[in-house]
């Protein structure tokens, strides 16, 4: 059976971003590119190309069903009529655009090009496919008993996580693990167990299909691609490129207001973010998302920023989402207790912790409106873009950090 059975089996922020794009920038040409940051793993030597093509081709045959669109239409936890009817009708007719796939030096080059309003949905789908095919291949080399051990290991580790969570009831989190999950079946199992065992701590899941299945809140913020593509749209001068960052915040607030106002803070480094976000935005927005660099350092910067803006940090929220495990979550929660609200977007370590090493795979926008795009982050190991574009954007955004920390995921 194909891995994907529904186009709802993707991250919630693809729909919230997708609506902003559909209304404002639908025809902007973009290119998304797959990158395996775990370079020691030669994916083309593990994953069969024909299987990969079959899975990607199958996704292009899927369409949103009426009952799936009814589910999106009925999401009212954030605001009434979260998704407008024009956008839902656009989804009803959506076919994901064609992809380009080739082998190169033991890996795969995969690209998804097209109008932004259509190509945006490929990211978490393609990442989930590559991950699941990789672990299927590893599992196929094991005996039946060894495969049982893998799942037993996953269950024991999940039980250990739940034990720690129960001893720290102040920790609240969401599942952000779709893109690098071990498999769809395993993510389903993890969510089902967490919903039963720690229901007061599980805020929701980014996976819309699983949120629907288990009556959970579909949850998410927005992604780096919003800033990256906007820099291609607003590319007339260095001043315009810098202004593109706040334009994303303005568009997002105009569309969703307070209900979905968690700002991703590191695309061009958090130092620039805290210079660019206005005191008015600091007061209006619910909080921030941390996705690279030292989480304690970031949280201290955020508290200082809010105080400079005359805002009580205890009224604001930081969603930490960078390479988390339960021990790191405990450390962060304890450090900021009583100082600022804290929640966690828990990804790879939650849905892919069965004894195999996890891969660090990403799909990011590499071109927008004919221009190269850049993500810098607070850890240069996560930087994306050509070397020339990275240096140019460092200058444009006054980026001076030199932190380079080896990626866990």
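Descriptive notes on the structure:
- Relative contact order of the chain, defined on C-alpha pairs under 8 angstrom at six or more residues apart (%): 22
- For the pair region 102-123 / region 292-307, the C-alpha centres are spaced 34 Å from each other.
- Where labels lie 7 Å past Cα in the beta-carbon direction, separation of residue 300 and residue 84 in nm: 4.5
- The Kirkwood hydrodynamic radius of region 149-351, based on inverse pair distances between different Cα atoms, is 18.0 Å.
- Mean Cβ count within 10 Å, highest first, over the residues of peptides 172-184, 296-308: 172-184, 296-308
- Legend: calculated FRET efficiency, residue 407 to residue 200, from the Cβ-Cβ distance at R0 = 41 Å, rounded to 0.05, equals 0.80.
- Distance from the C-alpha centroid of region 1-57 to that of region 136-186: 23 Å, rounded to the whole angstrom.
- From largest to smallest, the equivalent ellipsoid semi-axes obtained for the chain from the alpha-carbon gyration tensor read 30, 26, 22 Å.
- Summary of packing: across the peptides 48-54, 229-235, the per-residue average of other C-beta atoms within 10 Å ranks them, highest first, as 229-235, 48-54.
- Residues 4, 227 arranged by fewest to most Cβ contacts within 10 Å: 4, 227
- Separation of alpha-carbon centers, region 369-409 and region 62-83, rounded to whole Å: 36
- Size descriptors for region 169-275, from the alpha-carbon set: Rg then Dmax equal 17.4, 53 Å.
- For the chain, DSSP calls about 55 percent of its internal beta bridges antiparallel.
- In the chain, the DSSP-assigned H stretches of four residues or longer account for a calculated mean residue ellipticity at 222 nm of -14000 deg cm²/dmol, using -39500 (n - 2.57) per stretch and the full residue count as denominator.
Every read-out reported here was derived from the displayed coordinates using simple, explicitly stated rules and does not represent laboratory data. Note that this is a predicted model, so its numbers are computed, not measured. Every residue, glycine among them, receives a Cβ derived from its backbone with ideal geometry; neighbour counts consider all protein chains shown.
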